[in-house]
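J.: Got a structure for you, written out below as structure tokens; questions coming shortly.
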Amino acid sequence: MITTIYLDMDDVLTDFSRTYHKVIGIDPKTIRPDEWEENWKKWIDGKHFETQPMLPGANLLLGYIGALGVKTEILSSTGGPDYFDEIVTQKRKWLDRWGITYHPNFCPGKKFKTEFATPHRLLIDDQSGIIQKFCDAGGYGVCHEGNAEDTIERIHVLVNLLGYQKYVAP
């Protein structure tokens, strides 16, 4: 039974990759290690985590998950411990800007998302490697590959197979 759904932000809710490519001129998924630090700092200094657009289809995904009534939280990485506080501030402002009120959890690197895995938790993330590690740690995962309708279908199948618990706020 699923009792908690975690939503990643970058490339699940935010249009991170397309915006990064537009601003920096490099696809963040293919950037060379020697290009990373300078461009990461440029991205952060420009406050782009705060100002990037919502990913097309994110409202549809949020609407579906909200209608399920399952406890939902944000689970997002800051890409490492450097700039952690600044990235958290920018991501919180992004959530506020879009009226997303789910409790945000921020990790100082994607590898820490596994600490949230239990047999009753589901992670929606765009990186299959993170999903695999979350599942290996005991949770469930759905890889968002950019199409909200496909992701919703995968979530629908999983929660109907496993069952889910509606959340009642204390």
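The values are calculated or read from the model by the stated rules, or taken from the named source; none is laboratory data. Keep in mind that what you see is a predicted model, and the values were worked out from it rather than measured. In this analysis, Cβ positions are derived from the backbone assuming ideal geometry, glycine residues included, and neighbour counts consider all displayed protein chains. Note: areas computed on protein heavy atoms with side chains; ligands, DNA, RNA excluded. Shrake-Rupley method; radii C 1.70, N 1.55, O 1.52, S 1.80 Å.
J.: Here's a check for you: in the stretch 12-24, which residue that is polar (S, T, N, Q) and assigned to a helix (DSSP H, G or I) is nearest to Gly146 (Cα to Cα)?
T.: Ser17
J.: Just to be sure before I move on: is Asp96 of a type in the set (Asp, Glu), free of Cβ contacts under 8 Å to residues at least 24 places away in the same chain and more than 19 Å from Phe16 (Cα to Cα) in the structure I sent?
T.: No: the conditions fail for Asp96.
J.: Can Lys110 be described as closer than 16 Å to Phe16 by Cβ and basic (Lys, Arg)?
T.: yes
J.: Has the stretch 78-95 got at least one residue that is basic (Lys, Arg) and open to solvent by less than 40 Å² (accessible area, probe 1.4 Å)? Please lay out each step first, then the result.
T.: Residues of the stretch 78-95 that are basic (Lys, Arg), as a first pass: 91-93.
If we keep only those that are open to solvent by less than 40 Å² (accessible area, probe 1.4 Å) too, we end up with 91.
Checked the stretch 78-95: at least one residue is basic (Lys, Arg) and open to solvent by less than 40 Å² (accessible area, probe 1.4 Å).
J.: Might you check whether a residue that is touching a residue at least 40 places away in the same chain (Cβ under 8 Å), exposed (fewer than 13 other Cβ atoms within 10 Å of the Cβ) and not polar (S, T, N, Q) occurs anywhere in the stretch 67-74?
T.: yes
J.: Still on this structure, please answer the following. Take the stretch 96-107 and flag every residue that is surrounded by fewer than 14 Cβ atoms within 10 Å (Cβ to Cβ) and either basic (Lys, Arg) or farther than 14 Å from Gln52 by Cα (or both).
T.: Scanning the stretch 96-107 gives Arg97, Gly99, Thr101, His103.
J.: Of the residues Asp27, Asp34, only one is among the acidic types (Asp, Glu), open to solvent by 50 Å² or more (accessible area, probe 1.4 Å), at pLDDT below 95 and part of a helix (DSSP H, G or I); which?
T.: Just one listed residue meets the conditions, Asp34.
J.: Within the stretch 53-62, identify whether any single residue is assigned to a helix (DSSP H, G or I), more than 25 Å from Val142 (Cα to Cα) and not hydrophobic (A, V, I, L, M, F, W, C), and answer yes or no.
T.: For the stretch 53-62, residues assigned to a helix (DSSP H, G or I), more than 25 Å from Val142 (Cα to Cα) and not hydrophobic (A, V, I, L, M, F, W, C): absent.
J.: Yes or no: Lys110 touching a residue at least 24 places away in the same chain (Cβ under 8 Å), basic (Lys, Arg), touching a helix residue (DSSP H, G or I) at 6+ places or on another chain (Cβ under 7 Å) and surrounded by fewer than 19 Cβ atoms within 10 Å (Cβ to Cβ)?
T.: Criteria not met by Lys110.
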